[in-house]
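Have a look at the structure below, then the notes.
The values are calculated or read from the model by the stated rules, or taken from the named source; none is laboratory data. As the structure is a computational prediction, the values presented were derived from the model and not from experiment. Every residue, glycine as well, gets a Cβ built from its backbone with ideal geometry; the counts of neighbours run over all protein chains shown.
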């Protein structure tokens, strides 16, 4: 499923290089190089962050209310997921 360049092929919605992965008890998070978060696995307790408790067999991009957010790190535990957002792409002085 992974090509030589480190991108995930034929995975539905995930097409960019993966820069970080976090594994929980029964779910996984991936952070792409463009700052998006993807999740898959058991959705019980809403741990996938997609607004439902359905299980996902393939990576699904997690949608956030603020579409400008770009993430820099992910973490997962038994029943939770965490995505750490960086600054917006503008430079602050």
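Quick one: is residue 69 more than 19 Å from residue 20 (Cβ to Cβ) and either at pLDDT 90 or above or not in a strand (DSSP E or B) (or both)?
No: the conditions fail for residue 69.
Give the residues of segment 46-72 that are exposed (fewer than 13 other Cβ atoms within 10 Å of the Cβ) and farther than 19 Å from residue 87 by Cβ, sorted by residue number.
51, 52, 53, 54, 57, 63
At negative phi and at pLDDT 90 or above, is that true of residue 39?
yes
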